[in-house]
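Contents: one structure, followed by commentary.
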Amino acid sequence: MKRTILGLLSLVGCIALVGCTQQKVETSESLKDAYFQIAEKLVNKEEISSKYIKKLLSGYEYKKDEEFKIEDGNIDGSDYIQQPYTFTNGNESLNITHSNFNNEEQIHPLYKLKNDNGETNLSILISETEKKEFSYMYTANSDNLNAHKELLKELDNKGKWNEVYLKVIDNVCSTNDMDIEDIKNLLGIEYNIDEYPYDEKSNLGLNIVEYIFETDDDMFTVNYIKEKNKIYNVFYNDKNTDTINILVNNKLIDEKNKLHTGIITYVKGLDKQRELLDF
């Protein structure tokens, strides 16, 4: 009997200990880890209190950013308010935005990492529908063509004109002698043309000729510097997946400038965000 009571007490003690351990919040080792911890709680529909956020991010430098308000923005006529806070740690930052959409407290995390490869952003978006579905956004900016192309290979979302995009940007970064008719033949559709100054405030006297190829599913634009007959900008939007790829040949304006590449897309979940961040 004594042994049974001692065993029961030990079991109760273990349960109490486990319970305390589960509730204890340790300061995150990095802002990257904090982002994924918060995002996982959102996906699992777990409560995220201000106390939890404060403990998770204690010790990190932060600033309270400017409040955003839409008067009468909620369904009951109350003000819709977003209050962002930005936490920093070396080359990474985490923006936590508190909002009161329709008087329901919400938290929106946005993680940013800057390194030699450029800048990467991760965020998780909550739909405003009753189902509250989640979207996992990934953006990457770089001045490295090869890094840009390698990342494109890792994406789940590849539009039907992705190969054309790769072929054009390869040419832009080598001989830059591709004619618009060559691109038209690759895409297989006609284009619309627009023309406007490169920069009205600049004294360079350069003009942009923009060729726009568009269907219900895709949009592909190519901008030439008219005076040089060289491609300055390539933009591809796969409308079905809301994926945008872009390359800007800044060196065409000034050799001292760096190339710019960008990707904006949605991925299938937090695991894919982790994979791309660590790539």
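Here, each number is a calculation from the coordinates, and none is a lab measurement. Being a predicted model, the structure only gives us computed values, none of them experimental. Counting neighbours? That spans all protein chains shown, and the Cβs are built from the backbone with ideal geometry, glycine included.
Excluding Lys226 itself, calculate the net charge of residues whose Cβ lies under 11 Å from the Cβ of Lys226, where each Lys or Arg counts +1 and each Asp or Glu counts -1. Present the calculation step by step, with values, prior to reporting the outcome.
Values: positive: Lys228, Lys230; negative: Glu195, Glu210, Glu227.
Result for the neighbourhood of Lys226: -1.
Can you name the helices of the chain, as whole DSSP H runs, whose Cα span along the helix axis is 27 Å or more and whose Kyte-Doolittle mean is not below -1.0?
2-23
Below 13 angstrom from the Cβ of Ser202, what's the summed charge of the other residues (Lys, Arg +1; Asp, Glu -1)? Intermediate values should be presented prior to the final figure.
Numbers: positive: Lys201; negative: Asp199, Glu200, Glu227, Asp254.
So the surrounding residues net to -3.
Length gain on complete extension for the stretch Phe101 to Asn117, per 0.36 nm per residue less the alpha carbon to alpha carbon distance?
So the extension gain works out to 2.1 nm.
Work out how much length Asn229 to Ser135 would gain on full extension: take 0.36 nm times their residue separation and subtract the Cα-Cα distance, in nm to one decimal. Mind showing how you got there, number by number?
Values: separation 94, 0.36 × 94 = 33.84 nm, distance 4.03 nm.
Once the chain is fully extended between Asn229 and Ser135, it gains 29.8 nm.
For Leu94, Leu155, what ranking results if the residue with the fewest other Cβ atoms within 10 Å of its Cβ goes first?
In order of increasing Cβ crowding within 10 Å: Leu155, Leu94.
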